[in-house]
Amino acid sequence: MSTFLSLTFIGVAVIIVLLDLWAIVSVFRSDKDVNAKALWALLIAIFPIVGLAIWGIAGPRGLAEPPP
């Protein structure tokens, strides 16, 4: 395998991991209940590409209100 191809795969993997982390943080900042947040985070962590796509289409939206 060429060096360029290896670096391309590593770059794509890093981008996917960063997007997954961003999605998981967004899930935990949403206003859904704890069980829904945990299920979304597990889906994204277990199935990184498919979970990210599903979260992008049907995931929780909106930020939770900060406590007074």
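Structure above, values below:
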quantity	calculated
Fewest-first ranking of Ile46, Ile54, using other Cβ atoms within 10 Å as the exposure measure	Ile46, Ile54
Cα long-axis angle, helix 48-58 against the chain (0 to 90 degrees, to the nearest 10)	40
Nearest-ten-degree value, helix 34-46 long axis tilted from longest Cα axis of the chain	10
Principal axis box of the chain, alpha-carbon based, largest edge first, Å	55, 22, 17
Helix 3-29 axis, angle to the chain major axis (alpha carbon atoms, nearest 10°)	0
Order of Leu19, Leu43, Leu5 - criterion: other Cβ atoms within 10 Å of each residue's Cβ, fewest first	Leu5, Leu19, Leu43
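Laboratory data are not the source of any read-out in this text; all were calculated from the coordinates shown. Not measured: the values here are computed from a predicted model. Cβ: placed from backbone, ideal geometry, glycine included. Neighbour counts: every protein chain shown.
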